[in-house]
Amino acid sequence: MPRSTRSPRPLLVALLLAILMALTACGGSSSGDTADAASSDDSAWPVTVTGDDGELTIDEQPETIVSMSATATEMLFAIGADDQVEAVDSTSNYPEGVPTTDLSSFTPNAEAIAAYGPDLVVLSDDLNGIVDALDALEVPTLLLGAAQDIDDSYTQLETLGDATGHADEATDVIADMQDRIKAAVASVPQDVEGMRVYHELDPSFYSAASSTFIGGIYSLFGLENIADGAADAAGGYPQLSAEYVVGQAPDLIVLADTVCCDQSAEALTQRPAFDTVPAVQEGRVLAANDDIASRWGPRVADFTEQLADVLQG
């Protein structure tokens, strides 16, 4: 009986079909995974976050955010929520390209803010009863006031991450800040501990004590803040005098009035008796950008690194 011979082509076709079906099944699984991931993202909402004005429940990921805080604007862009930010107040000038408007954070107007159709407004102050006014217009608001210390800054980043759907990115920003600040503090010699620092907010000698956010940064280095000895603490921002500053003989001077008031290390030498101050004599003067030295956002790591550079001599 002749041996039956079968052409190999049908077998090859069958094999190809089997492979194609397997690939299709894998593709279907991948599609299912993507759907599951999307479903998982959707299931993250609603979220409840806590601001200075209490708890806020956000039903869906915000698509139109108005930031009435320069620091919050920096935080939102740092955590990747920039595409969701529709408008920012007139003081928000960083990073480059932010949608700055003429909205005033000092005299906020609820109707002007609501005109942008926000599903989330972030504020740093409740001036003119703006929170209640926005609530009356059913505009979700999140009040995040000035941070008292660096941990407050991290908490606000976490809150904004949760509120905008960028929790992982916020965690990364916090970790980067923590690493950079830790490295900056560790980079200075131990003998800087106990050095005296004078932080200048303006040429009329307003300063910042250790109880303030920026004062806490100096404490990380073990510096002694001359503003702590002022007779009138004024909520952590006392007005000193030229005589007081010179008499305290600070080893480090930080000028946070370089932009507003054109102050510089050279300008210090023109002030009466300031040429006798150790910080001026030894060149330990940090001419800081006013914004970086006054905001509690991610650029506080930049400020800490600049401070370390000066302290390293």
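Summary of computed values
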{"read-out": "Contact order relative to length of the chain, as percent, for alpha carbon pairs under 8 angstrom and 6 or more apart", "value": "14 percent"}
{"read-out": "The range 47-166: C-alpha gyration tensor shape, a/c 1.5 cut-off, then a/b vs b/c", "value": "rounded"}
{"read-out": "Ranked by how many other beta carbons lie within 10 Å on average, peptides 244-250, 264-270 from highest", "value": "244-250, 264-270"}
{"read-out": "Gyration tensor (alpha-carbon) shape descriptor, the range 160-217, a/c threshold 1.5", "value": "oblate"}
{"read-out": "Within the chain, longest stretch clear of exposed trypsin sites (Lys or Arg not before Pro) (DSSP loop, no more than 14 other Cβ within 10 Å)", "value": "7-313"}
{"read-out": "For the chain: rounded, prolate or oblate by the Cα gyration tensor [a/c cutoff 1.5]", "value": "prolate"}
{"read-out": "Computed [θ] at 222 nm, helices only, for the chain once each DSSP H run of length n ≥ 4 contributes -39500 (n - 2.57)", "value": "-13000 deg cm²/dmol"}
{"read-out": "Residues THR141, THR48, sorted so that the one with the fewest Cβ neighbours within 10 Å comes first", "value": "THR48, THR141"}
{"read-out": "15 Å beta-carbon shell around GLU193, net charge (K/R +1, D/E -1)", "value": "-1"}
{"read-out": "Where labels lie 7 Å past Cα in the beta-carbon direction, separation of THR276 and ASN128 in nm", "value": "4.9 nm"}
{"read-out": "Euclidean distance between Cα centres, the range 206-283 to the range 75-91, Å", "value": "33 Å"}
{"read-out": "Proximal charge balance of PRO95 [Cβ under 12 Å; K/R count +1, D/E count -1]", "value": "-3"}
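Coordinate-derived values only; no laboratory data. Bear in mind that the values here come from a model prediction, so they are computed numbers and not experimental data. Because the Cβ atoms are built from the backbone with ideal geometry, glycine has one as well, and the counts that use them run over all protein chains shown.
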